Structures are given as structure tokens and as C-alpha cells.
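Have a look at the structure below before the remarks.
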Amino acid sequence: MIRKEIFVRYDRCMGCHSCELACAISHTAARDLFGALLGGEKPQKRIYVDQVGQVKAPAVCRQCEDAPCVAVCMTGAMHSREDGVNVVNLTQCIGCWMCAMACPFGAVGRGEGKAIKCDQECVDEEGVPACVRACPTGALVFQTVEEFETGRRLAAATSVGVKGYSGPQ
Amino acid sequence: MAKSCNVSLDPAVCEMAEKARRLEVETVWDRYQAMLPQCGFGETGLCCRHCLQGPCRIDPFGGEPKTGICGATADVMVARGLDRAIAAGSAAHSGHARHLAHTLKLAAKGKARDYTIKDKAKLRSVAGRLGIPTEGKSIAEIALDLAEAALADFHEKETPVMWAATTVTKKRAKLFAEKGLLPKGIDYEVSDIMHRTLYGVDADPVNLLLGGLRCGVADLAGCYMGTDLADILFGTPQPVVTEANMGVLKADAVNVAVHGHNPVLSEVIVAVAKEMEGEAKAAGASGINVVGICCTGNEVMMRHGIPACTHSVSQEMALVTGALDAVVIDYQCIMPSLATVAECMGTKLITTMEITKIPGAIHIEFSEETAGENARQIIRLAIESFSRRRGKPVDIPPYKTKVVAGFSVEAIVAALSKLNAEDPLKPLLDQIASGNIRGVCLFAGCNNVKVPQDQNFTAVARRLLKENVLVLATGCGAGALMRHGFLDPANVGELCGEGLKAVLTAIGEANGLGGPLPAVLHVGSCVDNSRAVAVAVAVADRLGVDTDQLPVVASAPEAVSEKAVSIGTYAVALGLPTHVGVMLPVLGGPLVTKVLTDKVRELTGGYFIVDLDPDSAAQKLLAAIDERRAALGLSVPGGGRR
């Protein structure tokens, strides 16, 4: 299986926070917004949409293959799962935040003294992560690196006037 | 050297923002940062929550979904949203006017002893304009008839809304009637918008916008009525010299701020504060210092010279000084966060209206019948609060500017009549014709947290004044300009172009002021944008043209409130090019955007200029002025026709 990653098309982000909400809810016991609200849960997000100048910028864990967060983890709490997704074992996490210091993307959060991060344990029956599913404009895409880069190449070619391609999809 | 910061151009606000940060008092700027990024669907108007199948959001990039669940397109969604903003603004202005109508009625019946008819001449002239017979009737009888006529204007009746039909040029009234833009009743139009924007009613974006435009005309009626009735009850403003900014607070006095929009209460507070000086002195204060915030401040500044403490987005900062003993609020533009800041700073926050209550504030229910007692109770609370504060250090930023305010239409005409008693408008027209006055711009609206406070106002005003554009200002726009010295006649030389300088000096000297009028004429609170309309209509009538032909423009460079949207709408309905310096939530609807910024011109002659950059906005306003000058056959600077 060729692994898919969550990519961001910054020009499409509307800053609506749908991805953050979907991410947080997918990690609740209820797994839905109203259930979580009625159950008094406090869902936590693992994706962050920030304002960077004029740009609304979603930041999601890149699931690095040579992950700094995993490399620096003293206790081995932060580890690479078999599917290549980097996750944290909460029982081993001591909240030293070396992972947060090492992550170049700011993708590690704090949850009750323990590291909290994207674990992709939110995929639906089609294998699509909740944040990607929730994005109403397609700013978040779940593709293989090859697919994403092909789209990039075609868009770049279109932008310099090469005909026959009608935009990324 | 004065403090500078990135949230405001006003050094007093900068000092207080820094103090708030030090004390960890949360402010509007903190909350704005926490809100970022703001949802782009809302920003572009593409989020609809009008029915329970929603919220619906449409992709602004042309992808799916292209419609809401009901099938409403982006343009329908955007037009409905805009219409509801116009309706809300109209409801607020007319709610204020209705409040005054009820006060006038009670005063006429002798049931509210704290109120009298202060301007009998205006009562007669307004009655005359509306066709209410005055011959052989007492003042109370006329006032009662006028109050009834005002209240009748809210509902559907045989005649259209009189405060719209009789306040615009005859040509405009005819145009409104022909195009279906003459409101049937003020409340009727607000209600009509709520009806047509309901689930499954009006789905034609252009028809929706026409409805919005008509509601905008109803808003003009509400504003105009508010101004008329306030002048009748409390007196028509005349030029007055006073001061603005937080330096007007006095550490050793009982400082009471009146905040909100309505003069019905604040008038009585100002009067009672004078009577209660003795009680304040007995408590160890040097006296009672009433100051204004926002448009209630503008109302009492225009009529009594009460100094303005601050306006709009910086309202919390007035409390951060620690010097305010009480903030008395009526309604509109009051941030609920004041309750928290008041608690932090030991200020008493006092709400007074049934429709405006804030948890954490003290509520003293105000009524016209008991106004005096209510006001005394409020001032007593302030004195009590002073007693607790007495001797404790406060931080009053040492900044204040001189302000000459009070330019009602009557005051402007009186000043002009010193140049030509027979035909007061003639000198103004002559100066416009000669190009000494290139055009007129009305600055209105609020301060928006998205813009460093006052930046857009001062940048656009500076540019226009240099180009000899006569500037009128209302509301927090006037507040912005007064904080930076634009209302101090001493700065005319530095601010204005040669032609405008000569005109302001000639009028000032003819009126025995020994110098010019201020560069910017403060015509009142935001309801008083009607005064600017009255000036434009008088000039148009005198020239025998309509308002859409005049070199007159409007600008709300830092707008916030839905009231600013409805004011902008009536400015466009009257035919004015109207600048907005922050993004209206309509960009998601290409047709609606096109209609508002261009096509509506074919209908009313007016249009919106949305430009976030103050320099290019000023350029566009000048171009609009020149285009109209050229069409009237008047000279255009540089001689070139566009």
C-alpha cells in the first residue's frame, strides 16, 4: 500500500475551523458533536489553524518518516506505529515536551500534562481522516506524495501557460 | 514623546492598552487575536443560519456546494445576510427615534416633568414640513400631534413614511416612489426584510437588494426623526468649545461617563449632576465631571459642551484609567466586556434600559416619568464609588485636544447667513463653484478592531482636506478626528488646502470667532447623519438638482455596526458614492458585489466603494467628486476631465 498524507492547499483555506472541530470530535467517546456536548466532554484538537499575515494556515502533523519527535523522546512514549504514523503512548509520556521542542511544525499539543498529537485514528470507512473529510473547500487533501506533487506540477505548468490541464484535483 | 502602539494612533489608548496588559485585563484587541483566523465563510457572507436545516456554507471558489440545502445561491445567501444587517441597523436607529417620540408625547401631556420643549421654532418647522397644522395651537398641542405623527410613521398607513418623503429632494421622493423605494412604514420595512429573508421566500438577489435599499430609506427616516425630536426636546446644537480624550478625566472629581446613544437619559444626568455638586463636595470631591463615551457623548457634547472621554473600540480603555467612578449606559455599541473591566477597576457599571442588561452591572430601570429620581440615584452611586476610590492613584493619560463642535444644520446656516443674510447657502455654493470647496465628504461610522484605531479616518481626512474637500463628521468618526486635533480651529492652517482654509477663515471671522471654523465640522451622533443629508438636500434644492449630482461623498473607513451598514445604504439610496474601509460580508456573491459597487448607480446614482487602503480610497473619493463637478460643468483641479 502506498501511504497517503494530509496535505494543505493554503490558497483554499477559509479559516472556518471545521477541521479542528472534526478532529477534536473524532477523538471523543461519543464521536459526534452533540454527543460530546451533551456528555460534557472537552474534546481536544490535533490540527491548528492560525492566522499568518493575510493567510489562514492549517498546521497538521507531517508524520515525518525520520521524526524528530520520536528521535528525541526520552521514554519511548513517542514512537512510530507499524503503519508509519507517529503516535504517543500516554502511559509512558512524562510531559517533558522534548517532542514539542523538536517538532518543526508546532504539531504537538498539550493534553492534561501529556503530549497529544495527530494519530490518524479518526479515519472513516473510506480511510479518510476526519479533518480532510470536514474541510468544505478541499484545502486539506489526503493523497500520496506522488499524487500531490503531480497536481503541483500540472498547476505550475498551467500557470506558465501550458494548455490542456484544468487545475488540480 | 507620546506613546505609540499597534492598536491605536491615540497615545492615550496606547498607554491604557499597555496598562491593561500589565494588569492582565483582557481587552477587545486580545479577544480579536484569540478569534483569528476568522471564518472565511462568514467573512464573505457565505454562511446561512436562517433555517434549521443549516448552517449552510457555499464554496467561494466555485466548487461544490454551489447552493445551500434549500437551493439558495451564493448571491441569494449574501443578499439575505446584507438585508438583515440593514434591518437591524434600521431597527436600532428607529428604536431610538421611537423612544424620543414617546418622550415627546409624555412631555406634551405633562407626564414627564423633567422634559420640556426646548426648541419651539424647530417644533414648528418640523410640524410645518410634515403638514401638521400649527395655527392657533399651543406648543403642547403641536408637540402631541408631532409625536403622534412620528409614531404613525412606524406603521403602514395611507401616506408613506413622512420622515422619508419630506426630507429628501422632490426629485428623489418621486424617484423613490416610482422605483418602489419609498417606505410604507419604518417597522413595516424591518418586518418586511425579516419576512422576505425567511426560509423559502425571496430568492432573487436583485429583488432582495431592492428591499434592502427601501429599508435603508426607512433607516434615514428613523435617523432624521431621532435628530428632529432630540433637537425639539433638548435644543438644537450651536457651536460649543470643549475638549476630547482621556485627559478630560479629573482625579479629584466624581467622574461619570455617559455611554451609548440616547440623550433621553443623559440630558437629565447632565442637569442633575450640576444640582448635585454639593453632595459630591461633601464627599471630598472637587465636583462632578460628566464625560461622554460614543454617541451619547456626542449628543451631550453637541448640546452642552460635555467633553468626550473616548469612543468606540477604545471604550474599555476609559475604565482602565481607574478614574471613572461610574459608567452609565443606555443602548447600542456597548461592549459586554465593560462589566469585567469595571469589576477589575472598581468602576460602577450602570445599565438603565429594559433592553440592555449586562451580568455584573447594576441595573437602574429608567423611565421618563421618574427621570430626575433615576438620575439622582445614579449620581449618588457614582459619589459613593468616588468615596471608595478617593486618595488611590489613578492613571489619567495626559492627552486632550481642543474641540469646537455643535454644527447642526441650523448652526451652519446661521454661520453662513453672516456672509449673506438673504441667501445663506449662496456663499457655500459660490465657493463650491469656484473650486475653493472641491466637494463635501461626510465621515461616519465606528472604529474597527481590524484597523489600528483612527488610522483610516485620519489618513482619508488628511488627504481630502488638503484637496479642499469640506469635511463633516458624525459619531465615532467625529470622535476619531477630534482626538487628533481635526476639530481644533488652530490646526486649519496645517490641515487644509488653501481654498478651504480661506473659506473656513472667512466664515469664522464673519461670525466673530477671530479665526477659522475647525477643519472638520462635527454634525452630531450617528443618528445625526440625517443632518448631513439635510445639508445636501438644501444645497441640491437651492441648485435645482438632485442629491446624486452633487460633489458630495460619504466614507465609513472603520465601520463596525449594522447601523453603519444601514446608514451606508441610505447614503447610496440618496445617490452618494459611499466608501467603506473594511470588508462587507458580500464578496462571496459576485452579482451582489457588482450591484452594490456599480449597477445600483443606474437606479439611485449612488454606489459603494469598498477599499481597505485609505490612500487609494481617498483617491477614489476625489475622483468621484471630480466626476460630479465635471458633470455640473464646474472646474476640476488640473483642468482635466475624466
Stretched fully, the stretch from B:Glu156 through B:Leu429 gains (0.36 nm per residue minus C-alpha distance, one decimal, in nm) 94.4 nm
Pseudo-spin-label distance B:Glu373 to B:Thr73, built 7 Å along Cα→Cβ, given in nm, is 6.1 nm
In Å², rounded to a whole number, the accessible area per residue of the stretch B:352-400 with probe 1.4 Å is 56 Å²
Under the 7 Å Cα-to-Cβ spin-label approximation, A:Thr75 and A:Asn89 lie apart by a distance in nanometres of 1.1 nm
Once accessible area is computed for B alone, A alone and the pair with a 1.4 Å probe, the total buried surface, to the nearest 100 Å², works out to 1000 Å²
Answer in debye to the nearest 20: the dipole magnitude of the stretch B:17-63 about its Cα centre, from +1 Lys/Arg and -1 Asp/Glu charges placed on Cβ, is 80 debye
Expressed in angstrom and rounded, the centroid-to-centroid distance over alpha carbons for the stretch B:533-593 and the stretch B:221-257 is 25 Å
Taking a ≥ b ≥ c as the square roots of the Cα gyration tensor eigenvalues, with a/c under 1.5 meaning rounded and otherwise prolate when a/b beats b/c or oblate if not, chain B comes out rounded
Taking r as the C-beta separation of B:Ala490 and B:Glu275 and R0 as 35 Å, the FRET efficiency to the nearest 0.05 is 0.50
When the charge dipole of the stretch B:359-448 is computed with +1 on Lys and Arg Cβ and -1 on Asp and Glu Cβ about the Cα centre, the Cα farthest towards its positive end, among B:Ala382, B:Phe407, B:Gln431, belongs to B:Ala382
Residue span B:Glu354 to B:Lys418: 0.36 nm per residue of separation minus Cα-Cα distance leaves a gain in nm of 18.5 nm
Accessible-area order for B:His304, B:His195, largest to smallest, probe 1.4 angstrom, reads B:His195, B:His304
Which of A:Arg46, A:Arg12, A:Arg153 fluctuates most in a GNM of chain A (C-alpha springs under 10 Å)? That residue is A:Arg153
Length gained if B:Glu178 through B:Leu634 is fully extended, taking 0.36 nm per residue and subtracting the Cα-Cα distance, is 161.2 nm
Here the FRET efficiency for A:Thr150 versus A:Arg62, based on Cβ atoms and R0 = 22 Å and rounded to 0.05, is 0.70
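The values are calculated or read from the model by the stated rules, or taken from the named source; none is laboratory data. It should be emphasised that the depicted structure is a prediction, and the values quoted were computed from it without experimental measurement. Methodologically, a virtual Cβ is constructed for each residue, glycine included, from the backbone with ideal geometry; neighbour enumeration extends over all protein chains shown. The area values use the complete protein model at the heavy-atom level, side chains included, leaving out ligands, DNA and RNA. Shrake-Rupley method; radii C 1.70, N 1.55, O 1.52, S 1.80 Å.
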